[in-house]
Every structure is written in structure tokens, then in C-alpha cells.
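Scroll down for the structure; my scribbles are underneath it.
The values are calculated or read from the model by the stated rules, or taken from the named source; none is laboratory data. Quick caveat: nothing in here was measured; it's all calculated off a predicted structure. Side chains are part of the model used for accessible areas, which takes the heavy atoms of the whole protein and leaves out ligands, DNA and RNA. Shrake-Rupley method; radii C 1.70, N 1.55, O 1.52, S 1.80 Å.
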Amino acid sequence: MSHEYSVAVVVGSLRKDSYNRQVARALSELAPSSLSLKIVEIGDLPLYNEDAEANAPEAWKRFRDEIRGSDAVLFVTPEYNRSMPGCLKNAIDVGSRPYGESAWGGKPAAVVSVSPGALGGFGANHAVRQTLVFLDMPCMQMPEAYVGGAANLFDDAGKLNEKTRPFLQTFIDRFAGWVKLNRAV
Ligand SMILES: Cc1cc2nc3c(=O)[nH]c(=O)nc-3n(C[C@H](O)[C@H](O)[C@H](O)COP(=O)(O)O)c2cc1C
């Protein structure tokens, strides 16, 4: 099937059984046919160091190319200590450089935070949103997606529970509209 828009999904957890990764996969399955979601891996990115730009690591180049090649970006992240995990901030920083050559600029974005806790990663969600201002990425404001109770989202067979599915469906449908609107300008 051909899709109109490719969406780079950046997951802020490196954990094999990550709830966030599971939600990212669920969003990919629920996405309307206009969107094609693909997780862009961040676990191999060396910590950002400006001194390394002269001979940039292959993993940085691969990541920047994948972001540049996408039409939009969806961040799906846990909360660490009321903010975003270091691996995600590192990926954001890597993609933003070299100076003047940011891979992020202008790409429509949205943020989903997922936590086993009741607050649904609100702090992480807004930490990411704060960076999107400076990255010059138009971020979908509504619906907000603070997904709590992550340990109960999926059954043993990996099926998404029926209470959460309609919310994620609405979210990804609205995001498809947001991507279309912002790619048209
Ligand atoms: C260093 C660290 C800090 C954490 N801080 C928070 C926090 O501030 N808020 C929260 O809701 N959960 C916090 N957690 C718990 C995570 O939400 C939980 O580990 C979650 O499963 C991580 O997402 P994942 O399943 O996608 O890896 C923290 C976990 C770690 C490892």
C-alpha cells in the first residue's frame, strides 16, 4: 500500500519490553492509510559531543538521514524523574546539529507519554514539547496524550485494551490531519 506521509517514530525507551514501544506499535497499526509509521532507533547513538562533528559517528549520520527523510515525527516517551529520558534528549540533540543543518526543522510532530503511574508522564511530555519550540516543529496541541496505567494496557497476547484503543485511534487520526495540514504550507 502506498502512503502519503512517512512518520519517524522516536521512542524514548531502550527497554526490550518497553510499554512505550508497545504503544508506538499499536499506533502504527491504528494509523490511517495516509500515514506510514516507522520506529527510528536511538539506542546506538553516541552521546552528543560537538568535538566529534568533524568526523561524525555513522550512527549520527544514519539517524539524521532517517529524520530528514521523513515527513513528520511522533515522539513516544516514558518519564524519567519528571522529565524526558536522557537517551531521547541525546537523540534530539544529535538530530539538531551541525548548527544550521537541523534534521527536525518544520516537521509536524506530536508527543505521547506512557507511564505505569497515574500521571501518564505529563512532565516528560511537556519537556519534549518545550524542545519542539526551539526545533521549529509545529506540535499538535490536542488531543494531549498522557497514557497512565501502562502495565494494564495490553493483555498477555499483546492485545490493546478496549478502553484505550478508541483514544489512540482518535489521536492518530487527528495526527494524520495535522501532518496533512502542515505539509501543505
Ligand atoms: C531512572 C528512572 C526514573 C523514572 N522516573 C519516573 C517518573 O518521573 N515518572 C514516572 O511516571 N515514571 C518514572 N519511572 C518509571 C517508568 O515510567 C517505567 O520504568 C516505565 O516502564 C518506563 O517506560 P518503558 O516501559 O517504555 O521503558 C522512572 C524509571 C526510571 C528507570
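Computed values, structure above
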item	result
Carbon/sulfur fraction of accessible area - the chain, other protein chains in place, 1.4 Å, %	52 percent
Degrees between helix 58-68 axis and first principal axis of the chain (Cα, 0 to 90, nearest 10)	60 degrees
With Cα atoms, 0 to 90° folded angle of helix 86-95 axis to the chain main axis	50 degrees
The chain, helix-only ellipticity at 222 nm - DSSP H runs n ≥ 4, -39,500 (n - 2.57), divided by all residues, nearest 500	-11000 deg cm²/dmol
Average accessible surface area per residue within the stretch 1-147, 1.4 Å rolling probe, Å²	47 Å²
Calculated P(r) tail over 18 Å for the stretch 1-95, as whole % of Cα pairs	48 percent
The chain: radius of gyration and largest Cα-Cα distance (Dmax), Å	15.7, 50
